[in-house]
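This report refers to the structure that appears directly beneath it.
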Amino acid sequence: IAEDLQNTPDSAPTLVPEQAASSDGPAEPEEPRLAPAHEPVVESPSGLFSPRSDLGWETYLDERLASELRRAASFEQDLVLVFFDLSGPGAEESYRGFAAEVVSFFSFRDLAFERGRTGAAVILPNIDLDHGLRMADEFHSARAAAFASGEDCGCVLKSGLSARAGRLVEAERLVAEAASALERAREDERSSIIAFKPDLERYRSFIRTRA
């Protein structure tokens, strides 16, 4: 991943562009810089939703994302994947309430999943990356308001996003891009929300060479 497009303060969303091609001709789009291996919570799913959070089981995310990507491609629609990470001394105790806020704000209970002990993943169909960034920013602002009203758990919320952006992209790659963006957000003291922005011209050039 290349340098940030903009150096934005506080929690303002930041876009992380795909690394530029290193050769003169079109090249296959590079894999995003992978975040450290994510360790999912290993549990035996029973029903659609985890009793720990009322979010979908993490093990169902990849299959549902692949299904939504196929549907989006069929109707030429966009799709955004958002990863949230709640960290801090009170994160586990506050996780169930945080999960309820995720479902309430995004209104897609069947498209919201656990991610790790205190994280969440949300699939947002038929919206583009800019819209997804605005929604993530609004959610962060709502959380900040709750903290200011005395509900602060000593937690820090970070988010990473990626989008289909007109690409025929596999679920595994979208997950890797969102995870990389989230890892950058964790490392960045100034930006709480970072999105991976694919190089669409490079992608189109690559597709033309395969035609």
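Residues of the range 82-115 being among the aliphatic types (A, V, I, L, M) and without any contact (Cβ under 8 Å) to a residue 24 or more places away in the chain, which ones?
If the condition is that a residue be among the aliphatic types (A, V, I, L, M) and without any contact (Cβ under 8 Å) to a residue 24 or more places away in the chain, then no residue fits.
When residues of the range 98-114 are filtered for being more than 11 Å from residue 139 (Cβ to Cβ) and either in contact with a His (Cβ under 7 Å, 6 or more places away or on another chain) or open to solvent by 60 Å² or more (accessible area, probe 1.4 Å) (or both), how many remain?
4
Restrict the check to the range 80-90 and report whether at least one residue is among the hydroxyl-bearing types (Ser, Thr, Tyr) and under 12 Å from residue 125 (Cα atoms).
For the range 80-90, residues among the hydroxyl-bearing types (Ser, Thr, Tyr) and under 12 Å from residue 125 (Cα atoms): absent.
Looking only at residues that are assigned to a helix (DSSP H, G or I) and open to solvent by 30 Å² or more (accessible area, probe 1.4 Å) in the range 187-204, which one is modelled with the lowest pLDDT?
My answer is 203.
With the requirement that a residue be open to solvent by less than 20 Å² (accessible area, probe 1.4 Å) and more than 16 Å from the chain's Cα centre (by Cα), what does the range 50-78 give you?
50, 53, 57, 72
The values are calculated or read from the model by the stated rules, or taken from the named source; none is laboratory data. Here the structure is a predicted model, which means the values were calculated and not measured. Positions of Cβ are backbone-derived with ideal geometry, glycine not excepted, and every protein chain shown enters the neighbour counts. Calculation scope for accessible area: heavy atoms of the full protein, side chains included, ligands and nucleic acids excluded. Shrake-Rupley method; radii C 1.70, N 1.55, O 1.52, S 1.80 Å.
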